[in-house]
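Engineer: First, the structure itself, so that you have it in front of you.
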Amino acid sequence: MRIDVLTTFPEMFAAQPPAALAVSIPGRASAAGLIELVATDIRAFSDNKHKKTDDRPFGGGPGMVMMCQPLWDAVHAAEAQDPRPATRILLTPQGVPLTQALVESLAARPRLLLIAGHYEGIDERVIERLAPLEISIGDYVLSGGELAAMVLIDAVTRLQPGALGDELSNQADSFSPDEAAGRRLLDCPHYTRPRDWMGAQVPDILLSGDHGKVAQWRLAQRLARTAERRPDLLA
Ligand code: 9D3
């Protein structure tokens, strides 16, 4: 999969791959050539002699607004570099929430083109013409879309065929009935040696050697935790 990132802070993606994606599963996937990450500097496409990419908002108010032209030209220049059709994505607090279901859909595409902004906003007319999928990574305020883009890249990268190493089995073959039914549950608690740590014990069932009982207990733990912490996932 090819992933383009369009940004006015290309230095965040200058390292190949960026530090946050150079280790663990994304690091291995990069080394194996499963994802190809290409950063494009939107500023390089400014027609303006000062390489300006933003301007003051019509109607007044604080902050600056990204202009249409540099972003429009950057998108088309990036898309022309490769014949695979790109799924355009704008990272924005106004987007649909990123979920694992959406990640799975995006992971199956040949090419993603991610647009990250550092502005109060982007001129609505270029968003309308580019018609990107608009995605948010949650209800909190970031300084820009670049870290959100890296979160999305991490999530889709680990789903590329071959990205999960031996130490992490793909869970597709061990879905619980609830997951098979499309309900996503929180994980169960985990324990390792020693059996007694500062007087705290490992639950007896995990030491019983009864794999059926262990599986039952884990599913019950997952359902209880999900009901307690994330009732929205069961609704
Ligand atoms: C003054 C209104 N602000 C909205 C709360 C404007 C604004 C804040 C932060 C505009 C852009 C940003 C930068 N954030 C992102 O680009 C962003 C983001 C986020 O802040 N939270 C969750 N997901 C995302 S995806 C991109």
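Read-outs: derived from the displayed coordinates by stated rules, not from any lab. Note that the structure is a prediction, hence the values are computed from the model and not measured. Cβ sites come from the backbone with ideal geometry, for glycine too, and all protein chains shown count toward neighbours.
Engineer: Between the DSSP loop rule and a limit of at most 13 other Cβ atoms within 10 Å, which trypsin sites (Lys or Arg not before Pro) in the stretch 1-74 are left?
Structural biologist: Qualifying residues, ordered by number: 49, 52.
Engineer: Have a look at 149, 116, 15 and tell me which one the Gaussian network model of the chain (Cα, springs below 10 Å) gives the largest fluctuation.
Structural biologist: Looking only at 149, 116, 15, the biggest GNM fluctuation is shown by 15.
Engineer: If the convex hull of the alpha-carbon atoms of the stretch 2-157 is projected onto planes in all directions, what is the mean projected area in square nanometres?
Structural biologist: The number I arrive at for the stretch 2-157 is 9.4 nm².
Engineer: In nm, to one decimal, how far is the modelled label at residue 76 from the one at residue 55, with both set 7 Å along Cα→Cβ?
Structural biologist: Modelled inter-label distance: 1.8 nm.
Engineer: May I ask for the angle, rounded to the nearest 10°, between helix 146-157 and the longest principal axis of the chain, with both axes built from Cα atoms and the value confined to 0 to 90°?
Structural biologist: The helix 146-157 is inclined about 50 degrees to the chain.
Engineer: Over the Cα atoms of the stretch 81-235, compute the convex hull volume and normalise it per residue, giving Å³.
Structural biologist: Taking the convex hull of the Cα positions in the stretch 81-235, it is 185 Å³ per residue.
Engineer: Also: Report, in deg cm²/dmol and to the nearest 500, the calculated mean residue ellipticity at 222 nm for the chain, where each DSSP H run with n ≥ 4 adds -39500 (n - 2.57) and the sum is divided by the residue count.
Structural biologist: About -9000 deg cm²/dmol.
Engineer: Hey, fewest Cβ within 10 Å first, where do 45, 58 land in order?
Structural biologist: Listed from fewest to most nearby Cβ atoms, that is 58, 45.
Engineer: Give me the number: length gained by fully extending residue 142 to residue 192, i.e. 0.36 nm times residue separation minus the C-alpha to C-alpha distance, one decimal in nm.
Structural biologist: Length difference between fully extended and current span is 14.4 nm.
Engineer: Order by neighbour count: 1, 198, fewest other Cβ atoms within 10 Å first, most last.
Structural biologist: Fewest-to-most Cβ neighbours within 10 Å comes out as 198, 1.
Engineer: Now a separate question. Taking 8 Å as the Cα distance limit and 6 or more residues as the minimum spacing, I'd like the relative contact order of the stretch 23-82 as a percentage.
Structural biologist: 27 percent
Engineer: For a distance above 21 Å, tell me the whole-number percent of Cα pairs in the stretch 169-234 that qualify.
Structural biologist: In whole percent, the long-distance tail amounts to 34.
Engineer: Can I ask one more? What number, in percent, do you get for the relative contact order of the chain if the mean sequence gap of Cα pairs under 8 Å and at least 6 apart is divided by its residue count?
Structural biologist: This gives 20 percent for the chain.
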